[in-house]
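Everything below concerns the one structure shown next.
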Amino acid sequence: MPGTTALRVAVLVGSTREGRFAPVVTRWLTGRLAQHGDLSADVVDLTETPLPTVLPAFGEAPPPGTTEALAAVSPRLAAADAFVFVTPEYNHSFPAALKNAIDWHNREWHGKPIAFVSYGGLSGGLRAVEQLRLVMAELNAVTIRNTVSFHHAYAAFDTDGRVDDPAVDAAAKAMLDQLAWWAHALRDAKSVRPYAA
């Protein structure tokens, strides 16, 4: 019967810079995913499976190591039923490393839902999420409405990486419930009729 097996969720860690806060947010998120029951997380950390830091100009040969990097990342994205992007906000947008990882792929995103967990200062990374929604619509993905955003992120987590805030718990549950609904619906639909962009 469609929709009975666990959903594979690729958690794409969007920041690669030194001293990044992304691992703290990602550990919190994977804990929430584990509690959900029907969601299985695969953390795709771009520092561990790096794609080229600079895209070649169109028509030029890819930089050395591109093939190996894509072989490490692409099958994991293709196997995912859904995604969660963990992203900070850099200059009113999202990190170049995340855009690069997105651009090196295409069909891996098609007909799949994407949720966002963002963090930052006053804005909580929400402007990065708005930019990502535009990009992912072009790649035939479905971005879900609910997000989790951490405003003044360093203050939101305790020294053990925990968040003691019922509002955040409620936001995370609503986001993951939506993600699971869309992932089941889209996976079931594609089992009947393959998605054609």
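Scan segment 3-13 and give yes if some residue there is assigned to a loop (DSSP other than H, G, I, E, B), open to solvent by less than 60 Å² (accessible area, probe 1.4 Å), more than 25 Å from Gly121 (Cβ to Cβ) and touching a helix residue (DSSP H, G or I) at 6+ places or on another chain (Cβ under 6 Å), otherwise no. Yes, that holds for at least one residue.
Looking across segment 88-105, the residues that are within 15 Å of Thr66 (Cβ to Cβ) and either open to solvent by 30 Å² or more (accessible area, probe 1.4 Å) or hydroxyl-bearing (Ser, Thr, Tyr) (or both) come down to Ala97, Asp103, Trp104.
Residues that are part of a loop (DSSP other than H, G, I, E, B) and more than 19 Å from Val25 (Cα to Cα) within segment 91-116 comprise Asn91, His92, Trp104, His105, Asn106, His110, Gly111, Lys112, listed in sequence order. Pairs are defined by a Cβ separation below 8 Å, a sequence spacing of at least 6 or placement on different chains, a first member in segment 164-189 that is in contact (Cβ under 8 Å) with a residue 12 or more places away in the chain and within 10 Å of Ala115 (Cβ to Cβ), and a second member that is of a type in the set (A, V, I, L, M) and open to solvent by 30 Å² or more (accessible area, probe 1.4 Å); the pairs so defined are Trp182/Val142. Of Leu46, Leu51, Leu29, all but one fail to be over 13 Å from Ala101 (Cα atoms) and of a type outside the set (D, E, K, R); the exception is Leu29. Against the definition (more than 21 Å from Pro75 (Cα to Cα), under 15 Å from the mean Cα position of the chain (by Cα) and modelled with pLDDT of 95 or more), how does Arg32 come out, yes or no? So Arg32 passes the test. Of all residues in segment 21-53, those satisfying the criterion of being assigned to a loop (DSSP other than H, G, I, E, B), in contact (Cβ under 8 Å) with a residue 24 or more places away in the chain and open to solvent by 50 Å² or more (accessible area, probe 1.4 Å) are Thr47, Pro50, Thr53. Sort out which residues of segment 122-134 are under 14 Å from the mean Cα position of the chain (by Cα) and open to solvent by less than 30 Å² (accessible area, probe 1.4 Å), and write them in order of number. Result: Gly125, Ala128, Val129, Leu132.
Filtering segment 66-90 to residues that are assigned to a helix (DSSP H, G or I) and of a type in the set (D, E, K, R) leaves Glu68, Arg76. For Tyr119, the requirement of being outside any strand (DSSP E or B), in contact (Cβ under 8 Å) with a residue 60 or more places away in the chain and either touching a helix residue (DSSP H, G or I) at 6+ places or on another chain (Cβ under 6 Å) or open to solvent by 50 Å² or more (accessible area, probe 1.4 Å) (or both) is not met. Restricting Lys112, Lys173, Lys190 to those that are touching a helix residue (DSSP H, G or I) at 6+ places or on another chain (Cβ under 7 Å), of a type in the set (D, E, K, R) and within 17 Å of Leu7 (Cβ to Cβ) reduces the list to Lys112. Among what's in segment 54-80 and is β-branched (Val, Ile, Thr) and open to solvent by less than 40 Å² (accessible area, probe 1.4 Å), pick the residue that is nearest to Leu176 (Cα to Cα). Selected residue: Val73. In segment 152-163 there is no residue that is assigned to a helix (DSSP H, G or I), under 26 Å from Ala197 (Cβ atoms) and out of contact with any helix residue (DSSP H, G or I) (no Cβ under 6 Å at 6 or more places or on another chain).
The values are calculated or read from the model by the stated rules, or taken from the named source; none is laboratory data. Note that the structure is a prediction, hence the values are computed from the model and not measured. A quick note on method: Cβ atoms are made from the backbone with ideal geometry, for glycine too, and the neighbour counts reach across all protein chains shown. We work out accessible area using only protein heavy atoms, side chains counted, and drop any ligands, DNA or RNA first. Shrake-Rupley method; radii C 1.70, N 1.55, O 1.52, S 1.80 Å.
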